[in-house]
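Below is one structure, written out as C-alpha cells, with a few remarks after it.
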Amino acid sequence: MLYLVPTPIGNLKDITLRAIEVLKEVDLILAEDTRNTSHLLNHYQITKPLSPYHQHNEHKIVQHLVKQLQEGKKMAVVTDAGTPGISDPAFLLVRECIKEGIKVECLPGATAFVPALINSGIPGNRFVFEGFLPLKKGRQTLMKQLAQEERTMIFYESPMRLAKTLEELSVYFGADRICCVSRELTKLFEENKRGTLTEVAAYFAEKTVKGEIVIVLAGKAK
C-alpha cells in the first residue's frame, strides 16, 4: 500500500489528523529531505524509518520500492512541503504501482498554489498550473505560448530568480498584466503582493526575497 501524504507548507498545525494517523501506521516514510521531515515527525512524536526519495534518486530506486510494496510493506511519500506529485517527485512511483496493481491512496491536504490563487483577487474559475518554468531550453517558447492563454496562470519560482522572472514575464505578457506574488504562505511573515507585473517586479527588485514563491498571473483579456 502506498500513501501520498501532504505536509504543511509552513505552519506545522496545517497537517490533517488523518495524515498524522497514516504516518504513524506505515512501515517506511519516503522523504524528499529526511532532515526536514524529521522536524515534522519530531513535532508530532512520530518515530518511523525514513528513506530519501527525490528527483535525483527516484529512477534508481523505484523498482526496489515496488518490490517492497509487493511484499506487503506500507509506505508514505512526503515532500518538504505540500502534496507529493505537485512539482515534486511521486508520479514515477505512482505509475509503477498502478501498473503492478499496488493500491495507491492520496490524502487531501496542503498545496501552495491553492491559497495563492484564492487570495490573489485574480479569477480562479479557470486556471492552468505550470509549476516551474524551464530554466533555459524552451523557456522563451513557452512564455510566448502562454502570453496568449486566457485562463489564469500559476507558477512556482525560487526566491533567487523571482525578480528576473517577473521582468521576463512583463516583456512577454505586457507590463500592465495583473499578477500576485505570494511568499511564506501560512508562516509568520506571509506576504501577498498584488499589482501589475511592472509594479510587482519593481517591488521585489528592491528587497531580499526568502521563502517559497507562487506567482499568479491574469490571463489574456478576451
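The values are calculated or read from the model by the stated rules, or taken from the named source; none is laboratory data. These numbers were taken from a predicted model, which means no experiment stands behind them. Ideal geometry is used to build each Cβ from the backbone, glycine not excepted, and the neighbour counts take in all protein chains shown. All accessible areas refer to the heavy atoms of the entire protein, side chains included, with ligands and DNA or RNA removed. Shrake-Rupley method; radii C 1.70, N 1.55, O 1.52, S 1.80 Å.
Details
- All Cα pairs of region 21-95, percent lying beyond 15 Å: 52
- The charge dipole of the chain, taken about the Cα centre with unit charges on the Cβ atoms of Lys, Arg (+1) and Asp, Glu (-1), comes to about 320 debye, rounded to the nearest 20.
- Of all DSSP beta bridges in the chain, antiparallel share, percent nearest 5: 50
- Student exercise, region 1-88 dipole from Lys, Arg, Asp, Glu Cβ charges, in Debye to nearest 20: 200
- For region 107-222, the share of DSSP beta bridges that are antiparallel, to the nearest 5, is 75%.
- Extent along principal axes [Cα atoms of region 54-148; Å; largest to smallest]: 49, 31, 23
- Leading residue at positive end of dipole, region 85-222 (Cβ point charges), from Phe113, Ala201, Val171: Val171
- Sulfur and carbon atoms: percent of accessible area, the chain [1.4 Å]: 52
- Mean accessible surface per residue for region 14-72, computed with a 1.4 Å probe while every protein chain stays in place, in Å²: 63
- The residues Met160, Met1, sorted by heavy-atom accessible surface at 1.4 Å with ligands and nucleic acids left out, run Met160, Met1 from largest to smallest.
- Spherically averaged projected area of the convex hull of Cα atoms, the chain: 13.1 nm².
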